[in-house]
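Accompanying notes for the structure given below.
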Amino acid sequence: MSTAAQRGTTTIADRAVRRIAERVADEALAERTSRAAVSVQGHRARVALDVALPYPAPLSESVRSLQEHVAGRTQELTGLDVPTARVRVTSLTPLAGADEGTGEHGTSPAAPPAPEAGADGAAGERRPAAAARTPRRLWSRRRVPVAVLAALGAAVCGALALDLVMVHAAHRPAAAWRVDAVHWLSEHGPGDRPVVVAGGLMALLGVWMIVLAVTPGLRRRTTLRSPAPRVVAAVDRSAVEALTRDAVGEVAGVGEVRVRVRRRRVSVRAALLFGERAAVRADVTAAAGRALASCGLRTPLRTRVRLTPAPVWRPPAADGETAQRPAGSVPGPGPGPEGEA
């Protein structure tokens, strides 16, 4: 009887589980577009889905049923433990019969009536203007800096107001910290070092607040093209990196892939295992371009590809010789112990 070590180990790659989760989601959504991100750790898999749900429909019930279906079917098909599926709704698409609604003007209640076109065709120019209002970058509300400054200001003003009330209402002497502060300010002028240092710190704080006011922030998020005039959609750069990495990893001859998405450029670094370097580079560039196009980014990103030959890679031979060695073969004799059988 063979032991467990002799029977071997079965490992399911993240890519395979991701494909299964996407197929399972398409089953529940009637072939609608869905994307998944999967992380497999031992016998447990974490599944996250980006889906487009039909509208009109009860969103909470649809998401709940989709979570149960994806978690159950993925666990059944892979044998992994899938506790739950995290679902993020990226868009709402009208149902097939939504254009037969019974609105007041005979149009679907999910879509507003089309504007009447004037003599100069002004109505045809409103849609591009509405789409152009999508910002290039999302602006952060700066909640943490605002909260910190508001708390400090409220604490100082509250302490001063309380001391003034106690002095005038309860006839108590002024607080020692306020008296010491007034005496210290009366003895130090603008040329003293502590005053200069405090003024410099306040100036730096003011510059920091100006920078926060004029810069958008949220550097890890990129806006998407939105057909609706008042809908602003954004995607985290890590999701774009994951999609691009998966697309490049499917190219033949590519090993480990690293992707870095910046504001205007995407850097792809991949290991070349076999094949012609120029052809693989072209395939990697095309795969990365398709992945970025599928994301629907508002600002196109330049793609920079860098292929690093792996130690096992050999340049394709010319004059009809075999371009690559069969799997499992050992390189020919050469200097060092690598040439020994």
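The values are calculated or read from the model by the stated rules, or taken from the named source; none is laboratory data. Here the structure is a predicted model, which is why all the values come from computation and not from measurement. Cβ coordinates were reconstructed from backbone atoms using ideal geometry, including for glycine residues, and neighbour counts include every protein chain displayed. Keep in mind that these areas ignore ligands, DNA and RNA; they rest on the heavy atoms of the full protein, side chains included. Shrake-Rupley method; radii C 1.70, N 1.55, O 1.52, S 1.80 Å.
Structure values in brief
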| quantity | calculated |
| --- | --- |
| Amide H partners (placed H, <5 Å) of R262, local residues excluded | S267 |
| For the range 247-264, Karplus couplings with θ = phi - 60° (6.51, -1.76, 1.60), whole Hz, Gly/Pro x | 5, 5, x, 7, 6, 5, x, 9, x, 5, 10, 10, 10, 10, 9, 10, 5, 10 |
| D14 accessible area, assembled protein chains, probe 1.4 Å, Å² | 70 |
| Heavy-atom accessible area order for S238, S62, S186, largest first, 1.4 Å probe | S186, S238, S62 |
| Summed side-chain charge close to V148 - residues other than V148 whose Cβ falls under 14 Å, Lys, Arg +1, Asp, Glu -1 | +3 |
| Chain lengthening between E76 and T93 when straightened (0.36 nm per residue, less Cα-Cα) | 3.2 nm |
| Accessible area, probe 1.4 Å, largest first, for residues L53, L204, L149, L224 | L204, L149, L224, L53 |
| In Å², nearest 10: area of M166 left accessible to a 1.4 Å probe | 60 |
| Extension gain from S267 to L164, taking 0.36 nm per residue of separation minus the Cα-Cα distance | 31.0 nm |
| Note, ³J(HN,Hα) from phi for the range 10-23, Karplus 6.51, -1.76, 1.60, rounded to Hz, x at Gly and Pro | 9, 10, 9, 6, 4, 5, 5, 5, 5, 4, 5, 5, 5, 5 |
| Sequence ranges 40-48, 284-292, ranked by mean other-Cβ count within 10 angstrom, highest first | 284-292, 40-48 |
| Residue-wise HN-Hα coupling along the range 297-304, computed from phi with Karplus coefficients 6.51, -1.76, 1.60 (Hz; x: Gly, Pro) | 5, 6, 9, x, 10, 6, 9, 10 |
